[in-house]
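The values are calculated or read from the model by the stated rules, or taken from the named source; none is laboratory data. A quick note: this is a predicted structure, and the numbers were derived from the prediction, not measured. Here the Cβ positions follow ideal geometry from the backbone for every residue, glycine too, while neighbour counts run over all protein chains shown. The protein model used for the area step is the full one, side chains on, heavy atoms only, and it has no ligands, DNA or RNA in it. Shrake-Rupley method; radii C 1.70, N 1.55, O 1.52, S 1.80 Å.
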Amino acid sequence: MKDGKHITLAIESSCDETSVALVADGREVLSNIISSQIDIHTLYGGVVPEIASRHHLTNINAVTDEAFAAAGVTPEEVDLIGVTKGPGLIGALLIGVATAKAYALAWNKPLVGVHHIKGHISANYIQAPDLEPPFMSLVVSGGHTSVIDVKGYNEFKVLGHTRDDAVGEAYDKVARVLGLGYPGGPKIDKIAKEGNPEAVTFKRVMLEDGTLDFSFSGTKTGVMNYVHNEQQAGREISVPDVAASFQQAVLDTVVAKVMSATEAYGEDKIVVAGGVAANSKLREMLKDACAKKGIRLYIPAPILCTDNAAMIGCAAYYQYQERGADDMFLDAFANLDLENS
Ligand code: KG4
Ligand code: ZN
């Protein structure tokens with residue numbers, strides 16, 4: 001406890017960010033240090049799992065020290081340790097879980113393993129202090145695209161998910177084809193502002209009637225074929241136009257699905273989470289759609305959309321309140337079901 005507040009130390013290492021945070025009473029961020037490996041992985045055009053694990057190992061203690069110093073908290077004041085247990089890159093996750101266990105054992109503190117997507121959704125509790133479940137959540141990241149009915153802090157019903165690529169993955173792959181580099185999402189977001197979203201019509205894959213599942217590989221392949229055909233014909237492509245047209249096709253389906261889920265399940269709030277929630281066009285389209293239907297929209301600040309430990313600290317706090325601590329057999333999982341974790 002510090003100043004009468006419950007203190008959570010949180011660790012996130014599921015992909016290419018090593019992050020450690022200190023969070024008070026579940027929602028107040030005292031520090032949120034994020035050490036990104038993007039510059040290293042850019043050399044390879046994507047995340048190299050083995051390199052990610054090695055960098056987590058090298059960085060994690062220094063990032064932890066920095067988080068304590070920035071928060072002005074001491075290890076004795078920590079009440080709970082939360083860590084991402086999955087899904088993600090297994091080697092990367094193991095570094096976080098092993099570190100969290102070591103601190104829990106050394107300092108005699110309770111330990112909680114958190115689902116990464118629960119963390120992304122929880123970023124919204126930090127951003128909006130009054131937000132409470134139930135609500136409809138749209139999770140759009142590099143590894144996930146799902147529509148989830150959030151019934152409680154620890155109760156989730158996954159209504160639909162992608163059958164192939166995640167939205168962020170499609171962005172990253174299209175960016176690579178367009179020569180924009182890694183990670184592609186922010187680059188497409190930026191360059192699309194200069195393009196015409198109606199310049200090229202790419203497929204909007206809605207799948208069969210009534211499903212809330214997504215599919216983006218057809219749209220992605222459409223872009224690849226278009227670029228290839230234009231190059232074969234010796235025609236110059238407009239990168240801003242292709243980026244804007246691809247983005248419009250993908251986001252049209254994303255927004256349509258989450259709006260229909262919200263209506264069908266009678267929710268009055270939409271909560272957006274994951275790295276792609278930082279996308280300016282998605283934010284604008286959802287704002288318009290929600291305003292028309294009288295639905296309240298919650299989207300975290302961009303720094304809380306991409307991977308960070310503060311969101312894990314928030315999720316760990318609410319998980320601990322309802323379910324208590326995990327034991328020292330806590331493991332990391334590359335694949336992990338949200339509803340039963
Ligand atoms: O949530 P996140 O940090 O990591 C995962 O859990 O996957 O999401 C990373 C993904 C990447 O695919 C990245 O390209 C995408 O989020 N992203 C964006 C934007 N910022 C990050 N996609 C579109 N527009 C953005 N502004
Ligand atoms: Zn993530």
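Being outside any strand (DSSP E or B) and at positive phi narrows it down to one residue among 168, 119, 88; which is it?
The match here is 88.
For segment 155-208, how many residues are hydroxyl-bearing (Ser, Thr, Tyr) and more than 16 Å from ligand 1 (Cβ to nearest atom)?
Here the count works out to 1.
Could you check segment 263-301 and list, in sequence order, the residues that are within 12 Å of ligand 1 (Cβ to nearest atom), in a helix (DSSP H, G or I) and small (Gly, Ala, Ser)?
The answer is 275, 277, 278, 280.
Which of the residues spanning segment 182-201 are hydrophobic (A, V, I, L, M, F, W, C) and more than 26 Å from residue 137 (Cα to Cα)?
Within segment 182-201, 191, 199, 200 qualify.
Looking at segment 30-52, which of its residues are of a type in the set (Gly, Ala, Ser) and either surrounded by fewer than 18 Cβ atoms within 10 Å (Cβ to Cβ) or outside any helix (DSSP H, G or I) (or both)?
Residues satisfying the conditions are 31, 35, 36, 45, 46.
Among the residues that make up segment 238-253, is at least one of them closer than 19 Å to residue 145 by Cβ, within 16 Å of ligand 2 (Cβ to nearest atom) and in a helix (DSSP H, G or I)?
Within segment 238-253 (the criterion being closer than 19 Å to residue 145 by Cβ, within 16 Å of ligand 2 (Cβ to nearest atom) and in a helix (DSSP H, G or I)), the answer is no, since none of the residues qualifies.
Quick check on my filter: what residues within segment 1-15 are open to solvent by less than 10 Å² (accessible area, probe 1.4 Å) and closer than 15 Å to residue 89 by Cα?
Result: 11, 12, 13, 14.
Please state which one of 95, 90, 81 is β-branched (Val, Ile, Thr), over 16 Å from residue 312 (Cα atoms), in contact (Cβ under 8 Å) with a residue 60 or more places away in the chain and more than 14 Å from ligand 2 (Cβ to nearest atom).
90
Just wondering, is there one or more residues in segment 282-293 that are surrounded by 24 or more Cβ atoms within 10 Å (Cβ to Cβ) and either touching a Ser or Thr at 6+ places or on another chain (Cβ under 9 Å) or not aliphatic (A, V, I, L, M) (or both)?
no
Among the residues of segment 302-325, write down those that are open to solvent by less than 30 Å² (accessible area, probe 1.4 Å) and either of a type in the set (Gly, Ala, Ser) or part of a helix (DSSP H, G or I) (or both).
Across segment 302-325, the qualifying residues are 304, 305, 309, 310, 311, 312, 313, 314, 315, 316, 319, 324.
Take the conditions of a type outside the set (Ser, Thr, Tyr) and in contact (Cβ under 8 Å) with a residue 60 or more places away in the chain and apply them to residue 315. Does it pass?
Yes.
Looking at segment 108-116, is at least one residue within 16 Å of ligand 1 (Cβ to nearest atom) and over 9 Å from the mean Cα position of the chain (by Cα)?
yes
Rundown of residues vs (1) open to solvent by 60 Å² or more (accessible area, probe 1.4 Å); (2) touching a His at 6+ places or on another chain (Cβ under 6 Å); (3) among the β-branched types (Val, Ile, Thr), yes/no style:
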{"site": "233", "(1), (2), (3)": "no, no, no"}
{"site": "241", "(1), (2), (3)": "no, no, no"}
{"site": "250", "(1), (2), (3)": "no, no, yes"}
{"site": "257", "(1), (2), (3)": "no, no, no"}
{"site": "266", "(1), (2), (3)": "yes, no, no"}
{"site": "269", "(1), (2), (3)": "no, no, no"}
